[in-house]
Amino acid sequence: MWPFGSGYPALSVDQAGGPLGAKSTKSYDYIVVGGGAAGCCLASRLSEDPSVSVLVLERGRVHDTWYSRIPMISGDTTSSATPIVRSPSAPLAGAQGQTLDVVHAEVLGGGSAVNAMLVTRGAVGDFDHWAALGHPSWDYASLRPYFVKCEKSLSQRSEGHGYSGPLINQTFPEYPFAVQHRVKAAALSLGFADVGDLNAAGAPADAFATLDAAIDHKMRRVSACHAFLPARIACDRRQRLCICTQAVATRIVVEGGVAVGVVFESNDESVPGAFFARARKEVVVSCGAIGSPQLLLLSGIGPAGHLKELNIDVVCDLPGVGAHLQDHVGLPLMYEVPRQDTLHDIENKVWKGVLELGKYFVGLKSSIMSIPVTPIAIFAHSSHLDDKTSTVTGAGSPEVPGDNRPDLEIMPIPHWCSEPPSYKITNGVFSFLLCNVQPKSLGSVRLASSNPHARPVVELGFLTDSADLIPLRKGVKLALRLADAMRAQGYPMRDFQVPASEADADLDAFARAYLRTSYHYTSSCRMARRADGGVVDDALRVHGVQRLRVCDASVFPWITSGHTMAPVLAVAEKCADLLKQETVEVRSW
């Protein structure tokens, strides 16, 4: 039991499958490849039926330690204790040829085990946009029941929230740092609405928001693993729910156009051999927007030309696999502020860090360790902002598409937010992390080789569409006006990383020099018609291959304007219902 270990019933690869080529092998109704947020949710829902067997193959380990549950430190991507793997992106053509780290969360629970825990659904307009793209069953009205089903809100009180679901979340209106209160006052002075429930259907596009975070009443991180596949459920269902960790899926076996099983190996090089498990009903790929296209390509499902270059037999020529990758480009503006108003104070004072940990372990909610690094954010649509003052002017032009949902987010973070510095920060650094949340630039995922253990080539594509610079310019100006308003309150802020001027050329140069990823990778196996470059249909079935689906952020027809964990869980909840419904229909027939 946490914090001393969970006794989690994870299987090894030789327990989950049989040796490849053996006459007999192990079989399951469903094989879910990937134990991230979507995979955990899907496996949990499918295994609710005692007559259904499920195998989950997860590349990482179970990560349920005392460290993994503390909100403030469990998402520290610079710590070697955090279960992530970094690989360099391809050089960015739109950003001076620099490379950025692509982050892979290798752990049961996936990105939800290491992220900022923010539960933002996205705007109603995001999902109505999906419907307008040709997916009427994926509009907000259709997805709302799944948002409600998966959550247990401790703070919100409205019919649009759930109160009995597994994903516990709450807001933190008592901000721990004075700088965050200054940000709020500055945002309100610029005309932003103070919104306590960003996930309400009527939430405005322009808002200062106190965010919901996946933290329970004991102030512990709630990952998708903790929510949907905790040790209790894994143990109770172990006869029909098999969770195999440190398993690298190498290919999906397709026979006569039908997915029949998965070949996998151990992620531990000391365990040799390939193993196979058969799926009686379906294989569902839930490896995320980087891993899912990689597995499809390794299985011969993707652009024929690319597969032939790597001597991979073409099973299904599907050009959309790995195309249309999207992410929220991030851009940090940074300031020197009093160190005691930032997390750098804890980093530089060991005694203070120990004190905050002590407060956390005795259950004091006042501990900095109890909250997410950014409990607040500012959202806006750039067309609603005055170009000179950045004040909210009201509704934008009807000609501006998507202005019913934000295209900008600013996360006020009491810490350095660029790439980790090569020196120790002794002063306090505060960041406005600006994000373009309706990007037009597209990237791609391609294989570097036919070796399934190699990381794929990820073209993030940032700023390849110059239209993305237009909202970023307005977002930078908004961050600068927020800083001006905070200084006007008497708060000491000294420019640390800001543009040389507000001329378009300087703003664009700043963006290209200092951009970063937000780790919100989506849409690389997107839902669309095959003729339009799609990979899955509206039931998440892979075009051209029977009994094979994809269920994760890669199927998003278009990236949402918020953090991606909540919509991923809604997609998984709906996918589970689709699979259950098909089973009922088959039985009825």
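My understanding is that a pair violates if its Cα-Cα distance is over 22 Å; which of LYS440/LYS477; LYS152/LYS281; LYS218/LYS349; LYS149/LYS359; LYS152/LYS184 do that in this structure?
Violating the 22 Å Cα-Cα cut-off are LYS152/LYS281; LYS218/LYS349; LYS149/LYS359; LYS152/LYS184.
Around THR78, under 12 Å between beta carbons, what's the net of Lys plus Arg minus Asp minus Glu among the other residues?
Summing Lys/Arg as +1 and Asp/Glu as -1 gives -3.
Using Cβ-Cβ distances only, list the Cys residues of the chain with no partner cysteine under 4.7 Å, sorted by number.
CYS40, CYS41, CYS150, CYS225, CYS235, CYS242, CYS244, CYS287, CYS316, CYS417, CYS435, CYS525
How long is the gain from TRP351 to ALA141 if the chain were fully straight, where each residue apart is worth 0.36 nm and the alpha carbon distance is subtracted?
The TRP351-ALA141 span can extend by a further 70.5 nm.
Give me a comma-separated list of calculated 3J(HN,Hα) values for the stretch 70-75, in order, Karplus coefficients 6.51, -1.76, 1.60 applied at θ = phi - 60°, integers in Hz, x for any Gly or Pro.
7, x, 5, 9, 6, x
Determine the shape class of the chain: with a ≥ b ≥ c the square roots of the Cα gyration tensor eigenvalues, call it rounded for a/c under 1.5, and otherwise prolate if a/b is greater than b/c, oblate otherwise.
Verdict is prolate for the chain.
Projected onto the charge dipole of the stretch 222-314 (+1 at Lys/Arg Cβ, -1 at Asp/Glu Cβ, origin at the Cα centre), which of GLY261, ASN311, SER292 gives the Cα projection farthest towards the positive end?
Of the listed residues, the answer is GLY261.
Taking the simple approach of a point 7 Å from Cα along Cα-to-Cβ for both LYS365 and GLU159, what is their distance in nm?
So the label points at LYS365 and GLU159 sit 2.8 nm apart.
Taking Cα atoms, how many degrees apart are the long axis of helix 140-150 and the longest axis of the chain, rounded to 10 and kept between 0 and 90?
The angle comes out near 80 degrees.
Rounded, prolate or oblate: pick one for the stretch 95-171, where a ≥ b ≥ c are the square roots of the eigenvalues of its C-alpha gyration tensor, a/c under 1.5 means rounded, and failing that, prolate if a/b is larger than b/c, else oblate.
The shape class here is oblate.
Per residue of the chain, what 222 nm ellipticity follows from adding -39500 (n - 2.57) for every DSSP H run with n ≥ 4, rounded to the nearest 500?
Dividing the helical sum by the residues of the chain leaves -7500 deg cm²/dmol.
Just add up the charged neighbours of ILE559: K/R +1, D/E -1, any other residue whose Cβ is under 14 Å from the Cβ of ILE559.
In short, -3.
Once you keep just the Cα pairs under 8 angstrom separated by 6 or more residues, what percentage relative contact order results for the chain?
Reported as a whole number, the value is 21 percent.
Please compute the contact order of the stretch 485-584 in relative form: average sequence separation of alpha-carbon pairs under 8 Å and at least six residues apart, divided by the residue count, as a percent.
Reported relative contact order: 19 percent.
Report the local net charge at ASP508: Lys and Arg +1, Asp and Glu -1, summed over other residues whose C-beta lies under 11 Å from its C-beta.
That sum, taken over residues with Cβ under 11 Å, equals -1.
Express in nm, to one decimal, how much length is gained between LEU188 and GLU582 on full extension, taking 0.36 nm for each residue of separation and deducting their alpha carbon distance.
Length difference between fully extended and current span is 136.9 nm.
Helix 178-189 versus the longest principal axis of the chain: what angle, 0 to 90°, nearest 10, using Cα atoms?
The angle comes out near 80 degrees.
How far, in degrees from 0 to 90, does helix 469-488 lean away from the longest principal axis of the Cα atoms of the chain, to the nearest 10?
Taking the Cα atoms of the chain, the angle to 469-488 is about 40 degrees.
Placing +1 at every Lys and Arg Cβ and -1 at every Asp and Glu Cβ, with all other atoms neutral, what dipole size does the chain have around its Cα centre, in debye to the nearest 20?
1400
Putting +1 on Lys and Arg Cβ atoms and -1 on Asp and Glu Cβ atoms, find which of VAL195, SER155, PRO145 reaches farthest to the positive end of the dipole of the stretch 137-223.
Of VAL195, SER155, PRO145, it is SER155.
With only Lys, Arg, Asp and Glu charged, each at its Cβ (+1 for the first two, -1 for the last two), find how big the charge dipole of the stretch 13-62 is about the Cα centre; round to the nearest 20 debye.
Using Cβ point charges on Lys, Arg, Asp and Glu, the stretch 13-62 gives about 180 debye.
Any chance you could run the full-extension gain for VAL271 through ASP504? It's 0.36 nm times the residue separation minus the Cα-Cα distance, nm to one decimal.
Computed gain between VAL271 and ASP504 is 78.3 nm.
Can you list the lysines whose alpha carbon sits under 19 Å from that of LYS352, skipping same-chain ones fewer than 8 residues off?
By straight Cα distance, LYS352 reaches LYS365, LYS424.
Checking the a/c ratio against 1.5 first, then a/b against b/c, what shape does the Cα gyration tensor give for the stretch 33-101?
Note, shape of the stretch 33-101 comes out oblate.
Name the residue from HIS63, CYS41, VAL52 whose Cα lies farthest towards the positive end of the charge dipole of the stretch 27-89, charges +1 on Cβ of Lys and Arg and -1 on Cβ of Asp and Glu.
HIS63
In nm, to one decimal, how far is the modelled label at TYR67 from the one at ALA22, with both set 7 Å along Cα→Cβ?
Result for the modelled spin labels: 3.5 nm.
Using θ = phi - 60° and the Karplus relation 6.51 cos²θ - 1.76 cosθ + 1.60, list the HN-Hα couplings for the stretch 518-530 in order, rounded to whole Hz, with x at every Gly or Pro.
9, 6, 9, 6, 8, 6, 7, 9, 5, 6, 5, 5, 4
Quickly work out the ARG530-to-ARG86 label distance, labels modelled 7 Å from Cα along the C-beta direction, and quote it in nm with one decimal.
It is 4.1 nm.
Between SER12 and LYS388, what is the FRET efficiency for a Förster distance of 45 Å, r being their Cβ-Cβ separation, to the nearest 0.05?
The pair SER12/LYS388 has a calculated efficiency of 0.10.
Report the calculated FRET efficiency for THR426 and GLU174 (r = Cβ-Cβ distance, R0 = 22 Å), to the nearest 0.05.
0.20
Bear in mind these aren't lab numbers, they're just calculated from the coordinates by the rules spelled out. Treat the numbers as computed from the prediction; the structure is a model and nothing was measured. Quick reminder, even Gly has a Cβ in these numbers, built from the backbone with ideal geometry, and neighbours come from all protein chains shown.
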